[in-house]
1. Tell me which residues come under 5 Å, amide H to amide H, from B:Tyr153 once H is placed; ignore anything under 5 positions away on its chain.
2. With a ≥ b ≥ c taken as the square roots of the eigenvalues of the C-alpha gyration tensor of region B:182-321, please select rounded if a/c is under 1.5 and otherwise prolate if a/b is larger than b/c or oblate if it is not?
3. Using a 7 Å offset from the Cα along the Cα-to-Cβ direction at both B:Met261 and B:Gln60, what is the distance between the two label points in nm, to one decimal?
4. Take peptide B:298-305, look around each residue's Cβ out to 10 angstrom, count Cβ atoms belonging to other protein chains, and average those counts.
5. Averaged across A:301-311, how many Cβ atoms of other chains sit within 10 Å of each residue's Cβ atom?
6. Show me the GluC sites (Glu not before Pro) within region B:107-194 that DSSP assigns to loop and that have at most 11 other Cβ atoms within 10 Å of their Cβ.
7. Top mean-square fluctuation among B:Ile136, B:Ile332, B:Ile359, Gaussian network model of chain B, C-alpha springs under 10 Å?
8. Per residue, how much accessible surface does chain A expose to a 1.4 Å probe? Answer in Å², no decimals.
Amino acid sequence: MSSTAGQVIRCKAAVAWEAEKPLVIEEVEVAPPQVDEVRLKILYTALCHTDVFFWEAKGQNPLFPRIFGHEAGGIVESVGEGVKDLKPGDHVLPVFTGECKKCAHCKSEESNLCELLRINTDRGVMLSDGKSRFSINGKPIYHFLGTSSFSEYTVVHIGCVVKINPLAPLDKVCILSCGISTGLGATLNVAKPKKGSTVAIFGLGAVGLAAAEGARISGASRIIGVDLHPNRFELAHKFGVTELVNPKDHKKPIQEVIAEMTDGGVDRSVECTGNVDAMISAFECVHDGWGLAVIVGVPRQDAVFKTNPVNFLNGRTLKGTFFGNYKPRSDLPSVVEQYMNKELEVEKFITHKVPFSDINKAFEYMLRGEGLRCVIRMVDE
Amino acid sequence: MSSTAGQVIKCKAAVAWEAGKPLVIEEVEVAPPQANEVRVKILFTSLCHTDVYFWEAKGQTPLFPRIFGHEAGGIVESVGEGVTDLKLGDHVLPVFTGECKECRHCKSEESNMCDLLRINTDRGVMLNDGKTRFSINGKPIYHFVGTSTFSEYTVIHVGCLAKINPAAPLDKVCVLSCGISTGLGATLNVAKPKKGQSVAVFGLGAVGLAAAEGARIAGASRIIGVDLNPARFEEAKKFGVTEFVNPKDHDKPVQEVLAEMTDGGVDRAVECTGSIQAMISAFECVHDGWGVAVLVGVPSKDDAFKTHPMNLLNERTLKGTFFGNYKPRTDIPGVVEKYMNKELELEKFITHSVPFSEINKAFDLMLHGKSIRCIITMGA
């Protein structure tokens, strides 16, 4: 056991006191882990758009003060009662959606939507006692997605912690705990393009480029990237994208443009924007008879997906996915291995690096649409 | 070779002269088959709702006079040039959608939507020369979906004929050339329920009952039939349906009712009505994480299918199917074998039987919702 086991740890955390205000590096107290919980020392973390979305808290139930962050890599500091699968020193990725291994979803081969630990964006406390493990002068600071990785130490439910190869460089694989796996899995686990097939990717942010990377790994012959921002096209080629289409450049609907380019439609499409019109286009641009469209991007509350039902009757399939359909504890370690054996390339997603004290720069880059992933190092280099 | 090979055959056919009017048994001339065509002697045929729909011709491009009929069983009388896969005496099921075996769709494992021969409800002539093989006093009578089985003899493209086991009783297996296979395949080939899973079937007509039969064969533990007509439930029990839900009996949407009955949703749903509302309910009633909904029924209106995209993101799958995803020539003979080895039961679909001269009774029965399948016996 570490020397801090069982004790409160005082450390730095980036606290969001109010919606949309820069995070403030504060000294926080992190309570020891309770039953089925693990306390982690975070070494590297990255910003994902979902952090930004809930930090902006537009039209949601705002919960502040809060510690955001859910893409990270770290080391186990101590474990709570009942935890057998992890011990101090293990290298781990915390994940915003968990795997209890007992519910019907965890037992199903097909689902990763654990009943106990599936993503919950409203909850800001731990399940075992309904309280937060973070405080400043006794005042609670709320958790986010059960991870709160913008802190030197955090407490996470065992079901949300993935044990990985200790040789994997945490400053790289930390980004596998959300966005990259989401896109990669959407292609590899759900769209499953055959070697030589054609794939369209809607949205060329980190998730879309990860989906393209999945298509590249699968041996797709054409990977057509669709985005409204021409400045995203430059990076896309590194991820296997062979052609680029900007809907703004065409009068006719983009699904028709794509159908013309591909003799009737692509074999697979993966939608990574969250825009419902893009979802509809992604569905309608796949070939009849065998086409499959996979929806990844999270839509607005009032979105309505609409299409002519004949598009289903003539053999198109529509699926949605969550976190790339990866079961976090069962499947992520093998994604790390895909990186270790050089099948999957991760470095090209990391366009910026900042120290923890400059965490707000990561927000600025994302809000300006600059770069893909900014890795925040908690430790000094 | 048959004695009539190469000659025009004069025989009886039930001709629809006008939309919605009773068919008239006429003597027609049936020309010999051209390249890639086959002339078939029809022994048994049945009525499918698609025949009725195009006979009613409401709001479509009407094409009359026409010979309807596309569910049938027959024997090859003669073949045209280039036909090597079939010969005189072969037992066949004509199918309204074909398989050329050469296009991308035919070569794909996943598709049965042949580029050349997929269903075409507008066309009333043969592909080879753009003309019909039927005439009365030189006046053309149009084909329907390339089959036109309400005739003692018909001419069909070789790609639209499934060669089957000659020991199979044609008066039973004729129903496999459309509706029953459509529903059966929707379940067995597309929804693919695992043994012990729960399945909801929307619409308990022949197609829905065939989908239920598929779920029974697959070993589903619960088969929940959904229909607005309570009279259909009793019959449905013979097809494996274990519970019945009538949306009219509930205030809340039927997908919520089904979700409550099944601890979050059924594993599979198969939609066999063509109602947009039912399609949406069928999709939204499947369990998150693993549920699959399959749309079968053809919509009659232009309404859009609508759902909240979150229903997709929480890992539901939505598929559509056409003719049960069966490739007609490659797969239908295997379905006939399932009947022959008693895995699939067909007799229970056949509720009525009439001689050819009384073919209009079959229409009456269907229009009054009183039958599942009515077999029409030719040559009687």
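1. Long-range HN contacts for B:Tyr153: B:Ile42.
2. Here region B:182-321 falls in the rounded category.
3. 3.3 nm
4. Partner Cβ neighbours, averaged per residue: 4.
5. Shielding by partners across A:301-311 averages 6.
6. B:Glu109
7. The residue that fluctuates most here is B:Ile136.
8. I get 39 Å² per residue for this part.
The values are calculated or read from the model by the stated rules, or taken from the named source; none is laboratory data. The structure displayed is predicted, hence computed values, not measured ones. Please note: Cβ atoms are built from the backbone with ideal geometry, for glycine as well, and neighbour counts cover all protein chains shown. Quick note on the areas: whole protein, heavy atoms, side chains included, nothing else; ligands and nucleic acids left out. Shrake-Rupley method; radii C 1.70, N 1.55, O 1.52, S 1.80 Å.
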